[in-house]
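The values are calculated or read from the model by the stated rules, or taken from the named source; none is laboratory data. This one's a predicted model, so the numbers in the text were calculated from it and none came from an experiment. In this analysis, Cβ positions are derived from the backbone assuming ideal geometry, glycine residues included, and neighbour counts consider all displayed protein chains. Protein only, heavy atoms only, side chains kept; ligands, DNA and RNA dropped before computing areas. Shrake-Rupley method; radii C 1.70, N 1.55, O 1.52, S 1.80 Å.
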Amino acid sequence: MTRKKVKLAYITNDSARKATFKKREKGLMKKVSELSTLCGIDACAIVYSPYDSQPDVWPSPVGVQRVLSKFRKIPEMEQSRKMVNQESFLRQRIVKANEQLKKQRQDNREKEMIHVMFRSLTGESLQGLNMMDLNDLGWLIDQNLKDLHKAYESYDKNVNDTTARVAPTPTPSPPSPPPPSAMEFEELLVDQKPVTSFGMNMQKQQWPMDMLNTQGKKTETWPAVGEDMIFPFVETQPNALWSNGFFP
């Protein structure tokens, strides 16, 4: 069964006030004991009441003197920094309540302007609004536009980051081999053998005019179809190559 909320006000009935005092004092002493045991701190409680001549203390008079002597060693400014009495406590509660009231008024005003904005979207006229209402409505519209821009920028940034993470990294093409040096190119030319129009390897090609102009030689060899076949060339028959069909 939940306890009902108690109204914080002075109890006018003497017997009810005394019974409440005894009950709350006992609970206060219990809470101080639990705080000291659970948190491992030095604590004490001194309660003066009009019903007893001596104050009620916890844990004992010696323990109270020890805690008070430790408290007096603290600088005076540090002692009073969080110290409150009934008046200062009520002032703090009033300031806090005023802040909550101000915040609640702002929330109510914002809800009212949102209601006006939706009514204007349905086609209702804004003629009944004063200058303060119009200023608040304009501020609310600007704030909503800023929130929309921020949300769009955040969404666009998230999409770009996701695309950058998903996009595959381009594979670099293999490097092209370096060009051969002059010496390597010359060796390649020496190793390659020339090929005639008949598809045969020839060590040296001799032109027909050079063969016609040769004098003092009886016979010259010319590689032809096979490696072992040699066509004779006689000085007195310069047209033998043409007759044998070597040249077309």
Legend entry - Integer Hz, Karplus 6.51/-1.76/1.60 couplings in order for segment 7-18, x for Gly and Pro: 6, 7, 8, 5, 7, 6, 6, 5, 5, 5, 5, 5
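For W139, W58, write out the residues from largest to smallest accessible area, computed with a 1.4 angstrom probe and no ligands counted.
Numbers: W139 145, W58 60 Å².
My answer, sorted largest first, is W139, W58.
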Inset, instruction - Starting at the first residue of segment 56-66, write each ³J(HN,Hα) from the Karplus equation 6.51 cos²θ - 1.76 cosθ + 1.60 with θ = phi - 60°, in whole Hz, x for Gly and Pro. - result: 8, 10, 9, x, 6, x, 5, x, 5, 4, 5
Inset, instruction - Note down the accessible area of I141, probe 1.4 Å, to the nearest 10 Å². - result: 70 Å²
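So for L28, L129, L148, L137, what's the accessible-area order with a 1.4 Å probe, most first?
Of L28, L129, L148, L137, the descending order of accessible area is L148, L28, L129, L137.
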Inset, instruction - Only Cα pairs under 8 Å and at least 6 apart count here; give the relative contact order of segment 14-75 as a rounded whole percent. - result: 22 percent
Inset, instruction - Please give the solvent-accessible surface of C44 in Å², to the nearest 10, using a probe radius of 1.4 Å with every protein chain present. - result: 40 Å²
Legend entry - E76/K22 FRET efficiency (R0 45 Å; Cβ-Cβ; nearest 0.05): 0.80
Inset, instruction - Sort out for me the Cα centre separation of segment 61-88 from segment 90-114, rounded to whole Å. - result: 35 Å
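Determine the per residue accessible area of segment 86-161 with all protein chains present and a 1.4 angstrom probe, expressed in square angstrom.
Working: 6750 Å² over 76 residues.
Using a 1.4 Å probe on heavy atoms only, each residue of segment 86-161 averages 89 Å².
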Inset, instruction - Compute from the Cα atoms of segment 1-147 the Rg and the Dmax, the latter being the longest Cα-Cα distance, and quote both in angstrom. - result: 26.7, 79
Legend entry - Pairwise FRET efficiency - Y10 versus M131, Cβ, R0 = 45 Å, nearest 0.05: 0.40
Legend entry - Within segment 136-151: backbone nitrogen closer than 19 Å to the S120 label point (7 Å, Cα to C-beta): 136-149
Legend entry - Amide proton proximity set for A45, modelled H, under 5 Å, gap of 5+: W58
Inset, instruction - Please give the net charge around Y48, taking every other residue with its beta carbon less than 12 angstrom from that of Y48, where Lys and Arg add +1 and Asp and Glu add -1. - result: -3
